[in-house]
Amino acid sequence: MKKLNNRHILGITYLSPDEISFILDTADSLKEILERPIKKVPPLRGRTIVNLFFEPSTRTKLSFELAAKRLSADTVSISASTSSVVKGETLIDTAKNIEAMKPDIIVMRHSMSGAPHLLAKHIDSAVINAGDGINEHPSQALLDMMSVREHFGRIDGLNITIIGDIAHSRVAHSDIIGFSKMGARVTVCGPATMIPPHIETLGCKVVYNIHEAVRDADVVMALRIQKERQGMALFPSEREYARVFGLDSSIFSLLRKDCVIMHPGPINRGVEMSPAVADSDRSIILDQVTNGVAVRMALFTLLLSDSRED
């Protein structure tokens with residue numbers, strides 16, 4: 001495969017297994033750049049990438065910025081507080097004004113599900129969804145898949161368990177779709193109030209007991225409790241959540257010896273997982289961060305490749 005069939009990256013939903021493999025293979029080939037003494041190559045010199053973030057972000061925003069700079073692209077970052085949206089300008093007008101300055105890619109994070117899709121319908125620049133509401137976070141799912149494939153040498157046939165706030169997690173939604181497409185078996189676990197109805201239609205199994213959820217897992221991923229997206233209290237307390245669904249030493253002892261621990265970050269230590277689990281030799285959380293830069297380098301490279309089909 002030598003091209004992507006989509007001019008935007010709006011969700012894992014729109015990527016075929018072959019496209020996912022192509023992106024991961026490209027990320028693998030670009031990752032060695034991050035190990036060089038001078039971590040910069042010229043493929044995207046003269047290209048411009050705008051990071052349009054309407055939600056707070058550290059890892060994702062920095063990862064996209066570093067990925068662009070590693071490929072010698074020019075980058076501009078705009079946050080909601082510094083955009084004309086605070087003056088009443090619509091999202092579409094903001095985007096059209098940005099596009100009038102001729103960027104090549106707009107990377108967008110927004111609190112409303114579907115916002116990047118709306119943007120893609122109104123502008124000619126390529127759009128990358130950096131997280132939209134509770135919908136999807138495709139680049140996070142890609143880096144998660146890259147991290148798992150890097151560790152095990154495959155994704156097909158693995159058991160992936162995702163624990164936590166499934167209902168409000170765009171990472172969970174993209175991971176369920178992505179890992180399922182690549183042949184893994186996905187199980188989700190959490191309080192009943194955090195498991196959305198009909199989530200099984202995405203290709204996963206639902207259980208409500210953490211002991212059952214981790215029993216045969218090759219990968220256990222804990223999710224952050226997304227209080228900013230919850231309209232009401234969905235569990236009695238953080239202490240109670242940690243006792244029932246947290247990854248602590250007792251749960252860790254139940255895991256298979258080759259099982260790895262993941263988390264999309266940021267971690268609430270002592271809630272989703274204990275420090276001992278997060279920092280254990282079976283944690284690949286920091287590998288996820290490193291692979292995030294490589295995956296985003298791959299997305300920029302492939303979307304701006306002359307061989308991409310429009």
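For this structure, a couple of remarks:
- Where helices (runs of 4 or more DSSP H) sit wholly within the range 1-115, those with at least 3 residues that are within 23 Å of G133 (Cα to Cα) occupy 59-70, 91-99.
- Taken over the range 147-167, the criterion of being aliphatic (A, V, I, L, M) and in a loop (DSSP other than H, G, I, E, B) is satisfied by I155, L158, I166, A167.
- Any hit, the range 122-143, residues being assigned to a helix (DSSP H, G or I), at pLDDT below 95 and surrounded by fewer than 24 Cβ atoms within 10 Å (Cβ to Cβ): yes
- Sole residue being within 23 Å of N268 (Cα to Cα), modelled with pLDDT of 95 or more, in the same structural domain as D279 (by TED's automatic domain parsing) and surrounded by fewer than 24 Cβ atoms within 10 Å (Cβ to Cβ), chosen from V244, V207, V220, V188: V207
- Condition check for I225: at pLDDT 95 or above, in contact with a helix residue (DSSP H, G or I) (Cβ under 8 Å, 6 or more places away or on another chain), closer than 14 Å to I162 by Cα and surrounded by 15 or more Cβ atoms within 10 Å (Cβ to Cβ): no
- The range 168-195, subset part of a helix (DSSP H, G or I) and among the basic types (K, R), residue farthest from the chain's Cα centre (by Cα): K181
- Flag if I38 is in contact (Cβ under 8 Å) with a residue 60 or more places away in the chain and out of contact with any strand residue (DSSP E or B) (no Cβ under 6 Å at 6 or more places or on another chain): no
- Residue in the range 253-273 that is hydrophobic (A, V, I, L, M, F, W, C), part of a helix (DSSP H, G or I) and either buried (at least 16 other Cβ atoms within 10 Å of the Cβ) or under 21 Å from the mean Cα position of the chain (by Cα) (or both) present: no
- Hits in the range 96-125 (condition: within 23 Å of T301 (Cβ to Cβ) and of a type in the set (A, V, I, L, M)): I98, M101, I105, I106, V107, M108, L119, A120, I123
- Within the range 149-165, the set of residues being farther than 13 Å from D218 by Cβ and surrounded by fewer than 24 Cβ atoms within 10 Å (Cβ to Cβ) comprises just one member, E150.
The values are calculated or read from the model by the stated rules, or taken from the named source; none is laboratory data. Values in this document were obtained by computation on a predicted structure and should not be read as measured data. Cβ: placed from backbone, ideal geometry, glycine included. Neighbour counts: every protein chain shown.
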